[in-house]
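The values are calculated or read from the model by the stated rules, or taken from the named source; none is laboratory data. Here the structure is a predicted model, which means the values were calculated and not measured. All Cβ positions, even for glycine, are placed from backbone atoms using ideal geometry, and neighbour counts span all protein chains on display. These accessible areas exclude ligands, DNA and RNA; they are computed on the full protein's heavy atoms, side chains included. Shrake-Rupley method; radii C 1.70, N 1.55, O 1.52, S 1.80 Å.
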Amino acid sequence: MQNDSSRIAIAGNPNSGKTTAFNRYTGARQHVGNYPGITVEKKEGIAHLDGIEITLVDLPGTYSLTAYSLEEVVARRVLSEESPPPGAVIDVINSGVLERNLYLSVQLLELGMPLVLALNMMDEAKANGLNINVDRLAELTGLVCVPMVARKGEGLDDALRAAVELAKKTGGKVKPLEISYGTDVDLALKEMTPQIEEAKLLTANYPARWLAMKFLERDEEIVRRATEANPELSAKMQARGEALAAHLKSTLKTYPEAVIADYRYGWIHSILKNGVLKGADDIAPDDRVAFSDKVDSIVTQKVLGPLILFGILYLMYYVTIELGAIPNDWVANFFDWLSGVVGDVMSDGPLKSLITDGIIAGVGGVLGFVPLIMIMFLFISVLEDSGYMARVAYIMDRVFRFFGLHGASIMPFIISGGIAGGCAVPGVMATRTLRSPKERLATILTAPFMTCGAKIPVFLLFVSIFFDAHRPLVMFSITLCGWAAALLVSRLLRSTLIRGAATPFVMELPPYRYPTFSGVVIHTWERTWQYIKKAGTVILAISVLIWAAMTFPSPTPEDEVAFEEQRAAITSQQEAGTLTEEEVEAKNLDVDNDEQQLHLRHSVAGRLGTALETVTGPAGFNWQTNIALIGGIAAKEVVISTLGTAYALGSVDPEEDTSLADRIRNDPHWTVANAVSLMVFTLLYSPCFVTLMMIKQETARWRWLFFSLFFNLAFAMILSIIAYQLLK
Amino acid sequence: MSDISITTLRRLKKGQKAIIKNISADGEMGRRIRDMGLVPGIQIQCMGRAPLQDPVALRLLGFTLTLRNNEADFIDVQASGT
């Protein structure tokens, strides 16, 4: 495999400033995607240095390379198996937490990666009296060490230049670091390494001694893949590992992986002690940490903590709904105007109908919520980047554990719309940080109950019609209903389909920071763009599909003839002078409405919607509602636009510009009971297609996709029927 | 440095310092604990607890770590005064 000196990877712990460095290097020239087969985010960007273009690969932030999480597996694969592999790695280190950060560095070295140590946050470390002798560190480790302040852009070029030079010099691989892990482990490694080497077991990508160590560490991923490649030798290596484990257990009451970790820390410790780090023996919190402690003493306090938490969530919610409404109106007005202009220019017919009723109405309905979503994601980015999100998990864990979840489940829940306005697509994707498969699965399956941004238009519409005086309160209650459903269903799942014990919580509480402007903007833009892309592709296609389903097939010629006969009768009555001008107009309008009605009822969607009335009747849904909800399985965004289209297609008078809200308000069918029932159903029923696909992708099982589809439909139907029957 | 005794991490009071003596967790739990820098010989300080008394927050090696009480039970420490 040829390495590429213009391809550099950036590694580092979470909260080491790795993302800040990556953003600084690449600016907006980033490409975010997914690694094939797995679902960890793949971030690449282009940096410019001394006139050359360098591709930077942002590895997922990890504490280790032990395959504890998908992120770690991905990081390992990118470094060793991707083609072309990166020529060198910039390891971004939080200088204030040097010892723990170097634990990842040791593992990168064990893997044989050419490494540049970027000692980030050097300014803070210095200001707090932490004395790091960079030259001594370089001397003892044999690595290029570059002081860095990523936030201010200091040292970035130096680190990159060093990495490029290193890549050219080393060809992408160096001799793996071989440290002693104690007599017992070393002995085992010495026996195993030549055998692995001889059999060429995975050695095309990984150093033999490293592989031997993975057998001792009982690394599931490597053991599995080695077993696939060479079952015999793998069994033998595993047996050697078991022998060592038994020996260590009986003599030292410890485990091979614990011994290996101890020796890694020992190696780091001996270097730091050897003149690199001065005066850091005791726990001496720096200013930033001391400030964080003060904040935490209030923010995580028994009574104040939860109060502040809910206060912040409610504030976010309130500002988004109230402020977001203003640009929302602008966008909505623009699409109304556009629809009018196009309508005036084009002649009547299916094409005009397709463009105004299908495309403009559909896409306009979706893009109208972009401002709201941007404000929402801006908030979420600030909470994430400031470090508060970790406190939320810390405060909430005890509660979440009761429902069989993890404190970190709150993140996917919030992104999915736990704070209304999220989206279950990134929400389901955000569950990747959850290591525990069971808690993760429960989170994936219940996150779609949250009030995502696409459901909000439905709630906003009906709340503004039926509960206008209490808008924020009712909207907030809906969000709480989403939470209740998610938590209760999760508890149910964790005691039935996905039973099992809880998994480790162990998590860092990063010091509070002011989020950087560029970080927040890039983050917000990424997520908004995800939403817009969804609108531009899936939803446009679905809008057209739904329009077609509502337009075709046309009624039979006999039916058309009947309407023509009615019109002829009206005309002849008019000529006979038995009808006034107004009466003629009214009668003609009735005929037109009936004709449109027939058109829609005759269409695919109309027939399906009508057929479903017998099922959805007890929940108070009419056929228009049914059509809209069917469309909503495709994408929740189209519920309102489909409802709009359903009613707009029934109207023929283009001058009569009644909005959907007025139409529903004046329609005797719509009562509070119908509205509540529909809102309950919208909140809880099947996730949209994109989310369903994500569920399939994240769980790697079709069965969970179908479970989400059918379980949620049944669950929502039952609750809607109860709501309607109680309220009507 | 009064009141020296071996106890589990769960028993540490807010502000109390201690040295890690032994970690009895293996598998995933043990791996995660070690990845985060909790190894024998490290000095820690209990920073406080979440509103429902669980999880617990610790300071070690210059950063703050949080873990559940039932996870803290795997970790034996030698406690000193506050």
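Ordered by solvent-accessible area of protein heavy atoms (1.4 Å probe), largest first, the residues A:MET374, A:MET693 come out as A:MET693, A:MET374.
For the pair region A:108-132 and region A:355-406, the centres of their Cα atoms are 34 angstrom apart. One quarter of the surface of the convex hull around the alpha-carbon atoms of chain A equals 38.2 nm², the direction-averaged projected area. Straightening the chain between A:GLU154 and A:TYR318 buys 55.1 nm, computed as 0.36 nm per residue apart minus the Cα-Cα spacing. With the highest mean first, a sort of the peptides A:573-580, A:677-684 on other beta-carbon atoms found within 10 angstrom per residue produces A:677-684, A:573-580.
For the residues B:SER5, A:SER69, a 1.4 Å probe over the protein chains yields an accessible-area ranking, largest first, of B:SER5, A:SER69.
Would you work out if region A:213-324 is rounded, prolate or oblate? Take a ≥ b ≥ c from the square roots of the eigenvalues of the alpha-carbon gyration tensor; rounded if a/c is under 1.5, else prolate when a/b is larger than b/c, oblate otherwise. Note, shape of region A:213-324 comes out oblate.
Counting other Cβ atoms within 10 Å, keep those with at most 11, restrict to DSSP loop, and tell me which trypsin sites (Lys or Arg not before Pro) in region A:470-499 are left. The qualifying sites are A:ARG499. Using a probe radius of 1.4 angstrom, the carbon and sulfur fraction of the accessible surface of chain B is 49%. Legend: mean number of C-beta atoms from other chains within 10 angstrom of residue C-beta atoms, peptide A:49-57, equals 0. Listed by chain and number, the lysines whose alpha-carbon sits under 23 Å from that of A:LYS455, ignoring those within fewer than 8 places in the same chain, are A:LYS533, A:LYS534, A:LYS636, A:LYS696. Mean per-residue shielding of peptide B:35-48 is 6, counting Cβ atoms of other chains within 10 Å of each Cβ.
Using a/c under 1.5 as the rounded threshold, could you call region A:42-92 rounded, prolate or oblate? The axes a ≥ b ≥ c are square roots of the C-alpha gyration tensor eigenvalues, and prolate needs a/b larger than b/c, oblate otherwise. Cα axes put region A:42-92 in the prolate bin. Expressed as a whole percent, the accessible area of chain A that falls on carbon and sulfur atoms is 61 (1.4 Å probe).
Normalised by the number of residues in chain A, the mean separation of alpha-carbon contacts (under 8 Å, six or more apart) gives a relative contact order of 10 percent.
Rank by packing, highest mean first: peptides A:98-108, A:260-270, with packing defined as the count of other Cβ atoms within 10 Å averaged across residues.
Ranking, from highest mean packing down: A:98-108, A:260-270.
Measuring nothing but how far apart in sequence close Cα pairs (under 8 Å, 6+ apart) lie, relative to its length, region B:5-79 scores a relative contact order of 46 percent.
Pick from B:GLY15, B:GLY62, B:GLY48: which is most flexible by mean-square fluctuation in a GNM of chain B where alpha carbon atoms under 10 Å apart are linked? Of B:GLY15, B:GLY62, B:GLY48, the most mobile in the Gaussian network model is B:GLY62. Excluding ligands, DNA and RNA, the accessible surface per residue across chain B is 38 Å² with a 1.4 Å probe. Taking a ≥ b ≥ c as the square roots of the Cα gyration tensor eigenvalues, region A:374-505 comes out prolate, since a/c reaches at least 1.5 and a/b is larger than b/c. Solvent-accessible area of A:CYS452, all protein chains in place: 20 Å² (probe radius 1.4 Å, heavy atoms, ligands and nucleic acids excluded). Summed over both chains, the accessible area lost when A and B associate is about 3900 Å², using a 1.4 Å probe. R0 = 30 Å: FRET efficiency of A:LYS728 with A:LYS533, Cβ-based, nearest 0.05? Once the sixth-power term is evaluated, E becomes 0.15. The alpha-carbon of A:LYS200 sits under 18 angstrom from the alpha-carbons of these lysines, leaving out residues fewer than 8 places away in its chain: A:LYS173, A:LYS175, A:LYS190, A:LYS214, A:LYS236. You can think of it this way: the chain between A:LYS190 and A:ARG601 has 140.2 nm of extra reach, that is 0.36 nm per residue less the Cα-Cα gap. In this structure, the amide hydrogen of A:LEU49, modeled 1.01 Å from its nitrogen in the peptide plane, lies closer than 5 angstrom to those of A:ILE54, counting only residues at least 5 positions away or on a different chain. Straight-line reach from A:LYS126: taking Cα to Cα under 27 Å and skipping same-chain neighbours fewer than 8 places apart, the lysines in range are A:LYS18, A:LYS152, A:LYS273, A:LYS278, A:LYS294, B:LYS17.
Take A:247-255, A:218-226 and order them by the average number of nearby Cβ atoms within 10 Å per residue, most first; the result is A:218-226, A:247-255. Approximating the spin labels as points 7 Å out from Cα along Cα→Cβ, the A:ASP135-to-A:LEU304 distance works out to 4.7 nm. Averaged over peptide A:498-505, the number of partner chain Cβ atoms lying within 10 Å of each residue's Cβ comes to 4.
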